[in-house]
Amino acid sequence: MPTVDVDPDELRALTGTEKGDDELIADLFALGLEFEGRTEEDAFELEFAPDRLDRLSVEGIARSLRYQYGDARGVHVPGTNAPEWTIEVEPSVPGERPYVTGAVIRGIDLDEDGLESLIQLQEKLHATMGRGRAKGAIGIHDLTMLKGAAAGDGEPTIRYVGVGPDDDRFVPLDSDAELTPGEVLEEHPTGRSYADLVGEYDRYPAIYDDLGLFSFPPVINGRRTEVSTDSRELFVEMTGTDQWTVDKMLAIVCYALAARGATIEEVRVEYADGPAYESVGTELVRPELSTKTKTVAHDRIETILGIELGPEEVIDLAERSGLDAERVPIDDGVGDDGVGDGSRSSTEDGVGDGTALVYEVTIPPYRVDVLHPVDVIDDLGRAFGFNELEPEYPDVGTVGGRHGRSRLEDAARTTLVGLGFEDLLNFHMISEAENFDRMALEPDDDAFGAAEPATIKEPYSEEYTALRTWTLPSLLMVLENNTHRAYPQDLAEIGFVANVDDAENTGVAERRSVGAVLARHDAAYEDAKSRLAALARAFGATLETPPTDHPTFIDGRTAAVVIDGEEVGVVGELHPRVLVEHDLEVPVAAFEFDLAAFE
Amino acid sequence: MQLPQAQAAVLEAASAREAQSIDELAAATELPPETVTGAAFGLEEAGLVTVSERVEEAVTPTDEGIEYAERGLPELRLYEAASDVGAGDEPVPMGQVIGAADLEGAAVDIALSNYARKGYGTIDGGEITADPAVEPDADPEARTLDSLAEGGAVSGLDGESLEALERRGLVDRSETTVRELTLTEAGVTALMEGVEVAETVGRLTPALLTSGEWRDVEFAEYNVGADAERIEGGRVHILRQTAERVKDVLVGMGFREMEGPHVDADFWINDCLFMPQDHPARTHWDRFALADPTHIEELPADLVEAVERAHREGVGEDGEGYHSPWDEEFARALALRGHTTSLSARYLSGHEIGGLEPPQRFFSVEKVYRNDTLDPTHLLEFFQIEGWVMAEGLSVRDLMGTFEEFYAQFGITDLEFKPHYNPYTEPSFELFGTHPTTGELVEIGNSGIFRPEMLEPLGVDCDVMAWGLALERLLMLMYGFEDIRDIHGTLCDLDLLRNTEVTY
């Protein structure tokens, strides 16, 4: 889960509290921010679930604490000034990354901590909502270093365009050399990290002002507009693959900067005509800080929380969550003029018969996690305190039971244990070398266990590249790892095996296989056969063992396991080459068959 | 008097005047010493002998000690070789002497250090001298070692030499208890009156039983306190036992077991759970995508459409969807399931065992696969306990009450519910419980009420609350294991599996 570093003194200052660290940590836990430890600079390292992205900065956490403490109530939207600047989007912009948003920030006073917090917020938003900058990337610039085009009506403009990899040059951050975008991807460390994001593009995204190229989103900004603690005015631009996503990221950044006393100034975004802009329009004014509403039914709140609440309590809980709630009586067709004003015979909620009590809840623009009224109910529950609720065993009667397959597996396992086998539980993933090569088996042999394995794409580890097609390789690995332990080692496993099978909907046949090995100084075919026969008898099955060949076993000491007339497995003495391959110095008799034979 | 054969023999061999040791009596009676010991205790119990014990020190040469007893101590061999080449008169080169002494390897260092310690001469600048005044035959360590090697008694040996030999690892000193028997007056009387040997049998045989002879025989006594052969019976794997216990508890609480594919389409694993397709958990690094086969053959078309709509538009009058791409081809990709919530989705959809009417309770305790780093508490595949309850009007209090009942069965009480975020549940809680032995607060599960965006496309129009928990975590809490790799998988330690105390 993501973490965010927060300086407790800054948090206290922005929250307006004098609480000690321990109290703060407890209050943060109640918000769902878990204290993980301290950084080298003594800041809190907080872990949080990735829903409340507005809490990715100390400003956002302080805002949540102020609501928790009751120092703030309801929805607050920062004011904005009318736009001066325009972002003009030219048709040359890469079709993969057509969207942009922006805002001008004035009167910001960033000290080291403030700048650090802003950079952290930018990075954390990149990592979460921005999906590693693929979906949305943030560029923050020192406005005073920008020169807007004075053409036409004289309004300052920057242009979002597409350029060929080597069509232009600029000096990127952390560099002294003028590089083309193509060179940045090859030579600059940051460029190399994000090269994959734009590598396939014909034209690269680029932002220009009057002086030229100053930003190469989503990769790197130019050095000219770098933000420092001396910056007092900022230009924030965000580009991405989805308008809503970049607008929400911008809203979160604007709220954080407004909390530091900055003034937000709007920016015009002018798109060229194109299918990508049909749903968003060609003339936008950003940032988008409008609120939205959700209609939440009172009875649904009471049902989910399992408690009764008065309407005033609901409204209070909403305001303590940073939301606004207003009662909206909706006529459900049964009543006539009931509006929940208490004039009619009422329920405990003071709601008239025939009308359902419903709230219109206003959601501030920084909340990216509220998709459905149920999310509002969760907020109300958090404000109420979920741990205040009394657990209650649900009064719901159902009949329990095991799945037939798991009962069969259990019965066979109990029988094997009764025959003296140590029951094992091995991994279903294996390497093809273990599954085949070390068993002297080939996938296309005509032998039990040989089958096309379901394989893992780009496996992380050489040891786990496929699903095992049979269990004996796993049992041999256990024997190999336990040669220092006392013999006899009689091991069995009833476990999952799988192989590619076009007849299945998933393309994979999954089975339970019964594997057993007897490793002891005098292990012989008969030892395996007698136990196999005992197992078959226990399940009332008819066992036959006609001779067969199997590369894992010794010729002439190997039989097919035929249960009720169907060939379902193999039994025999393991071939010395398999034993030696597994560093074993005792003979091993073994069997394996498909558990379905007992169904 | 009738006595068992061994007791009669020992009684006859024992003396009233002179105490005799078990070994001496064993030699006299030609019985194994352990039989004599057994007989001695039997006779003592009958008051016929007294058994006294004394501690005797035994000193035995080690293999190295025996070798030196035969070939001479290395420093003595060095001294003799040095003397032979005239080092008594003037220094001679070391190499020459060592060769002549037939020393090599570690023996060279041993020879040189003891040579110096005993003052046999000087070793300086690669040359060696031999002090002519030394009498090698009188070396006390050599004499003591020789005496021991010939089986000589310990008493009377030079204590200082013994200690030196022990330090050099040439002898092992140990203490043994020697038991000695003396006839009591009653014993003498019994002997004088005559002792008969009762017929004893070692084994009760079918022949003895059928013939009735068992009535006339005496059974040889066993040393019933002695260790018996160690055997390892079969037992059910402890993780499996834990799984069975969980299943018992859940069945007792009215849950039915689910079953379904380990290799499944992302559609069932993630899309049905309202997980956006660009969610970080759906990237390659967290999951095991399949290279072969790659995609599921068929998905229910109406369900695909409903799920896609929920992702894009949300559900309900003012619901919203995700601003993320949604592609059916992506949903059809196969992977090893990262959670068994894929089974819940299949069952809830009605495509597994038909449409379900509330109320219902379902569970599974099955493997899931996560591309994590292997360490003492993380495996690439582990068991997930999955459970859900479907009913009208469920509340978070019902959810809390269900968990309290479940975890109480495993001794975990005082649950705490930390509000949490999951894409497919709201409200969501992480569950924390107090560790039964250490008292720490540990995370024991994740839970919530399934979101409408998950349930509506699946065709469920009542509430469903659900939770998940790693079985291995419960196992480690119950047994106190520290490294899960010792238990689960091919690196398991058979001794640990064989010797873990039964928990029930």
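For chain A, take the longest principal axis of its alpha carbons; what is the angle in degrees between that and the long axis of helix A:112-127, to the nearest 10 within 0 to 90?
50 degrees
Ranked from highest to lowest mean number of other Cβ atoms within 10 Å per residue, what is the order of the peptides B:315-321, B:153-159, A:230-236?
Numbers: B:315-321: 16.7, B:153-159: 11.3, A:230-236: 19.7.
Those peptides, ordered most packed to least, come out A:230-236, B:315-321, B:153-159.
Just going by the charge dipole of region B:375-495, with Lys and Arg at +1 and Asp and Glu at -1 on Cβ, which of B:VAL464, B:PHE432, B:PHE406 is farthest out on the positive end?
It is B:VAL464, whose Cα lies furthest towards the positive end.
Whose amide H sits under 5 Å from the amide H of B:PHE429, counting only residues 5 or more places off or on another chain, with H placed in the peptide plane?
Counting only residues 5 or more places away or on other chains, the set is B:HIS420, B:SER447, B:GLY448.
Take every residue in peptide B:489-500, count the Cβ atoms of other chains within 10 Å of its Cβ, and give the average of those counts.
Other-chain Cβ atoms within 10 Å of each residue's Cβ, averaged: 6.
Return the whole-Å distance between the Cα centroid of region B:118-172 and the Cα centroid of region A:235-263.
Between the Cα centre of region B:118-172 and that of region A:235-263, the gap is 90 Å.
Among B:GLY152, B:THR189, B:PRO206, whose Cα sits farthest toward the positive end of the charge dipole of region B:128-232 (+1 at Cβ of Lys/Arg, -1 at Cβ of Asp/Glu, about the Cα centre)?
B:PRO206
Quick one: helix A:243-259 against the long Cα principal axis of chain A, what's the angle to the nearest 10°, folded into 0 to 90?
Approximately 60 degrees, to the nearest 10.
How do B:TRP268, A:TRP85, B:TRP326, B:TRP214 line up, fewest other C-beta atoms within 10 Å first?
Placing the least packed residue first, the sequence is B:TRP214, B:TRP326, A:TRP85, B:TRP268.
What are the radius of gyration and Dmax of chain A, computed over its Cα atoms and given in Å?
34.0, 98
Taking amide H atoms as placed 1.01 Å from N in the peptide plane, list the residues 5 or more away in sequence, or in a different chain, whose amide H sits under 5 Å from that of A:HIS575.
A:PHE553, A:ILE554
Got a sec? How would A:ASP54, B:ASP271, B:ASP227 order by Cβ neighbour count within 10 Å, fewest to most?
Least crowded to most crowded, the residues run B:ASP227, A:ASP54, B:ASP271.
All other residues with a Cβ under 9 Å from the Cβ of B:ARG397 taken together, and with Lys, Arg as +1 and Asp, Glu as -1, what is their net charge?
Here the count lands on -3.
Determine one quarter of the surface area of the Cα convex hull of region A:404-598, which equals its mean projected area, and express it in nm² to one decimal.
Working: hull surface 43.3 nm².
For region A:404-598, the mean projected area of the Cα convex hull comes to 10.8 nm².
What's the exposure ranking of B:MET253, A:MET249, A:MET439, going from fewest to most Cβ atoms within 10 Å? Can you show the working numbers first?
Numbers: B:MET253 18, A:MET249 29, A:MET439 26.
With the fewest neighbours first, B:MET253, A:MET249, A:MET439 line up as B:MET253, A:MET439, A:MET249.
About the Cα centre, and with charges only on the beta carbon of Lys, Arg (+1) and Asp, Glu (-1), how big is the dipole of the protein assembly as shown? Nearest 20 debye, please.
1780 debye
Any idea what Rg and Dmax come out to for region B:162-248 if you just take the C-alpha atoms, in Å?
26.6, 73
Can you tell me the dipole magnitude for region A:515-599 around its Cα centre, using point charges on the Cβ only (Lys, Arg +1; Asp, Glu -1), in Debye to the nearest 20?
Computed about the Cα centre, the dipole is about 240 debye.
Calculate the mean, over all residues of peptide B:225-238, of how many other protein chain Cβ atoms lie within 10 angstrom of the residue's Cβ.
Taking the mean over all residues of the peptide, I get 4.
How much of the calculated P(r) for region B:285-382 lies past 21 Å, in percent of all Cα pairs?
Numbers: 2423 of 4753 pairs.
So the pairs more than 21 Å apart make up 51 percent of the total in region B:285-382.
Can you give the calculated 222 nm mean residue ellipticity of chain A, where each DSSP H run of n ≥ 4 adds -39,500 (n - 2.57) and the sum is split over every residue, rounded to the nearest 500 deg cm²/dmol?
-8000 deg cm²/dmol
Kindly write out, for region B:379-392 in residue order, the coupling ³J(HN,Hα) from the Karplus curve 6.51 cos²θ - 1.76 cosθ + 1.60 (θ = phi - 60°), rounded to whole Hz, with x marking Gly and Pro.
Working through the residues one at a time gives 10, 6, 9, 8, 8, 10, 8, 10, x, 8, 10, 10, 7, 7 Hz.
Got a sec? Charge dipole of the protein assembly as shown, +1 on Cβ for Lys and Arg, -1 for Asp and Glu; which of B:ALA107, A:ALA560, B:LEU356 is way out at the positive end?
Final value for the positive-end residue is B:LEU356.
Per-residue ellipticity at 222 nm for chain B, helices alone: DSSP H runs ≥ 4 residues times -39500 (n - 2.57), over residue total, nearest 500 deg cm²/dmol?
-10500 deg cm²/dmol
If each Cα of region A:80-286 is one equal point scatterer, what is log10 of I(q)/I(0) from the Debye formula at q = 0.11, 0.13 Å⁻¹?
Taken in order of the listed q values, log10 I(q)/I(0) reads -0.46, -0.66.
With a cut-off of 8 Å between alpha carbons and a minimum separation of six or more residues, what is the relative contact order of chain A in percent? Spell out each step's value before the answer.
Values: 1210 pairs, mean separation 67.4, N = 599.
About 11 percent, as a whole number.
Take chain B, mark every one of the trypsin sites (Lys or Arg not before Pro) that falls in a DSSP loop and has at most 11 other Cβ within 10 Å, then report the longest stretch left between them, sites excluded.
B:231-504
Kindly provide the Kirkwood hydrodynamic radius of region A:3-69 in Å, to one decimal, from all pairs of distinct alpha carbon atoms.
Across region A:3-69, the inverse of the average 1/r is 11.6 Å.
By how many degrees, between 0 and 90 and to the nearest 10, does the Cα long axis of helix B:140-149 differ from the longest principal axis of chain B?
Compared with the principal axis, the helix lies near 80 degrees.
Provide the descending list of Cα extents for chain B along its principal axes, expressed in whole angstroms.
111, 85, 42 Å, listed from the longest principal axis down.
Which lysines, if any, have their Cα less than 29 Å from the Cα of A:LYS135, not counting same-chain residues under 8 positions apart?
Cα-Cα hits under 29 Å: A:LYS124, A:LYS147, A:LYS248, A:LYS292, A:LYS294, A:LYS457.
Per-residue Cβ counts within 10 Å, from other chains only, averaged over A:373-382: what number is that?
5
With only alpha-carbon pairs counted, each pair once and no self-pairs, how large is the Kirkwood hydrodynamic radius of region B:1-151 in angstroms?
19.3 Å
How large is the charge dipole for region A:3-69, taken about the Cα centre, if only the Cβ atoms of Lys, Arg (+1) and Asp, Glu (-1) carry charge, to the nearest 20 debye?
On the way: 7 positive and 19 negative charges, 94 e Å.
Taking the Cα centre of region A:3-69 as origin, the dipole is about 460 debye.
For a bin width of 10 Å, list the pair-distance distribution of the protein assembly as shown built from all Cα-Cα distances, rounded to whole %.
Once binned at 10 Å, the Cα pair distances of the protein assembly as shown give 2, 8, 13, 14, 14, 13, 11, 9, 7, 5, 3, 1, 0, 0, 0.
All of the numbers you see were taken from the coordinates with simple rules; none came from a lab. This structure is a prediction, so every number in the text was calculated from the model and none was measured. Here the Cβ is made from the backbone with ideal geometry for all residues, glycine too, and neighbour counts use every protein chain on show.
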